[in-house]
Amino acid sequence: MGENSELLVDLKHKLCSSIDQSAEKLRMLSRDIWSCPELAYHEHKAHDRLVEFFTQETGWKVDSHFKLQTAFRATWEPSGNPQGHVINVGFLCEYDALPGIGHACGHNLIAEVGAAAAVGLKDVLEKTQNLPIHVQVTVLGTPAEEDGGGKIDLINERAFEGMDVVFMAHPSKEDALYLPCVAEHDVTIKYHGKASHASAYPWEGVNALDAAVLCYNNLSVLRQQMKPDWRVHGIIKHGGVKPNIIPAYTELEYYLRTPTRAELPVLKEKAARCFRSAAEATGCQVKRSQHSNDSNFTGDRRGV
Ligand SMILES: [Zn+2]
């Protein structure tokens, strides 16, 4: 026990100093991704930059466009012919940005620390003889975390198969080892009404914008009865075409969040009543579509 923990402390020190030695090129990697923000599934330059980074490092096998166009995988395996189970340790890099405000969530830093941890661990494993365990290192580049859910795609593509443990770090405004998870439901609400000239024959129309506004207001009123750690926030994506046309179609996009999955259906049902009642009041048809499976996301989803 004592021997192993001493070994662990020693390995951690070596790992940290190895990362320190690579600090400048890691900083440049992060800087390049930061300077050229790309949206979900379109992170072509970030993908190429990370592929270039691992290709220039020695000993990595790099699969560009791994399973998804802007995902990648880099693997390092111990030399020789290790007997027994080889523990496959994974690190994740994210690198997509937000529309309009770039890397506000700091996914360039996720790419940097994922690469740093992987390169540091590989370096220390390579230089240490007679370790009691055998370890291989896998880096997965996981795109589309601001929209869509690239990790869900990669899980469906079995990209995580064979990995024993996977690490990722997300920047936060506080120093914390663990950021609480949030259960999240993304939903699009579509109201279908009937167009009509807004001045000549307004009574012939069924106003989908009124439905969208009522929906927005219903949800705003609901907030007083929500638990303090629930969140409902959204936008009107389509609000009509021209002022002189009664809008026939509107669309809202909302995120519903609760601290646990157990509470999410309660909030979803409350929100659904808000969607339906706006349709009922205006005579519109309402359709709902969710974007992906309800998921537990790490703390960043709380913030963006
Ligand atoms: Zn984030």
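Read the figures in this text as sums done on the coordinates, not as results from a lab. Note that the structure is a prediction, hence the values are computed from the model and not measured. Glycine also receives a Cβ, built like all others from the backbone with ideal geometry; neighbour counts cover every protein chain displayed.
Ranked for footprinting exposure by Cβ neighbours inside 10 Å, fewest first, Cys215, Cys16 give Cys16, Cys215.
If you take the beta carbon distance between Thr260 and Ala200 as r and set R0 to 45 Å, what does 1/(1 + (r/R0)^6) give as a FRET efficiency, to the nearest 0.05? Given R0 = 45 Å and the Cβ-Cβ separation, E is 0.30. Helix 2-21 and the longest principal axis of the C-alpha atoms of the chain enclose an angle of approximately 70°. Counting only alpha carbon atoms, the long axis of helix 208-222 and the longest principal axis of the chain meet at about 60°. Under the shape rule built on the C-alpha gyration tensor, where the axes satisfy a ≥ b ≥ c, the chain is prolate, since a/c reaches at least 1.5 and a/b is greater than b/c.
Each peptide in 184-191, 241-248 was scored by the mean count of other Cβ atoms within 10 Å over its residues; highest first, the order is 184-191, 241-248.
Give me the percent of DSSP beta bridges within the chain that run antiparallel, rounded to the nearest 5. Write down the numbers at each step before the final one.
Working: 37 of 48 bridges.
DSSP beta bridges in the chain are roughly 75 percent antiparallel.
Angle of helix 264-282 to the longest C-alpha principal axis of the chain, folded into 0 to 90 degrees and rounded to 10: 30°.
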